[in-house]
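Here is the structure we will look at.
The values are calculated or read from the model by the stated rules, or taken from the named source; none is laboratory data. Just so it is clear, the structure is predicted and the values come from calculations on it, not from any experiment. Cβ coordinates were reconstructed from backbone atoms using ideal geometry, including for glycine residues, and neighbour counts include every protein chain displayed. Just so you know, the surface numbers come from the protein's heavy atoms only, side chains and all, with ligands and any DNA or RNA stripped out. Shrake-Rupley method; radii C 1.70, N 1.55, O 1.52, S 1.80 Å.
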Amino acid sequence: RLTTPATPTAGAETSSAAANGRAGDPLPELTLACFTGGAPVALRDVRGPAVINIWASWCPPCRKELPAFQRLSKRAGDRIHVIGVNSQDSRSAAQSIGEDLGVGFPMLVDQGTALQRALNRNAFPLTLLVDAQGRVVHTDASGALDDASLGELVREHLGVAVPA
């Protein structure tokens with residue numbers, strides 16, 4: 001069973017460099033379980049445009065920004081894939097937050113920190129923008145994203161304008 005860290009790691013970094021510091025790196029070779037029990041997802045198979053949000057229920061900025069990702073998912077329709085990855089969390093806490101906030105986009109679970117280790121990032125929340133070839137084109141760990149900043153990142157790095 002996972003234990004919740006006593007102090008969340010607050011992110012204050014943002015970078016156009018992707019995983020391991022190089023723009024255009026592919027997503028890591030990891031397969032993550034589907035939170036709702038569906039088939040596991042190989043991250044290398046994810047094709048964008050996609051926005052991947054790595055979060056934990058014990059992280060206040062993560063809880064604050066989850067509704068913006070839900071709204072992005074609704075507004076973008078099939079033009080952008082929005083995927084959540086719950087990390088370093090208990091299943092019950094994550095499920096409770098997801099239900100309370102009405103999260104309906106696909107949710108994966110990283111039982112430990114494998115994804116963050118592969119990306120060489122330990123901040124929460126962490127957002128990855130992924131292009132059509134499955135390459136990370138931007139990472140953001142600057143704190144809770146709102147609708148405007150999330151929409152701007154999607155337009156700037158994925159070339160998709162999402163109505164407000």
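Per-residue answers, yes or no, for (1) in a loop (DSSP other than H, G, I, E, B); (2) closer than 13 Å to residue 54 by Cα; (3) not acidic (Asp, Glu):
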residue: 89; (1), (2), (3): yes, yes, no
residue: 117; (1), (2), (3): no, yes, yes
residue: 144; (1), (2), (3): yes, yes, yes
residue: 149; (1), (2), (3): no, no, yes
residue: 152; (1), (2), (3): no, no, no
residue: 162; (1), (2), (3): yes, no, yes
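Within the bounds of region 82-89, is there any residue that is in contact (Cβ under 8 Å) with a residue 60 or more places away in the chain and more than 12 Å from the chain's Cα centre (by Cα)? Yes: region 82-89 contains one or more residues that are in contact (Cβ under 8 Å) with a residue 60 or more places away in the chain and more than 12 Å from the chain's Cα centre (by Cα). Test residue 93 against the stated conditions and say whether it is open to solvent by 30 Å² or more (accessible area, probe 1.4 Å) and over 20 Å from residue 119 (Cβ atoms). Yes: the conditions hold for residue 93. If you go through region 42-82 and pick out every residue that is part of a strand (DSSP E or B) and more than 22 Å from residue 158 (Cα to Cα), you end up with 0.
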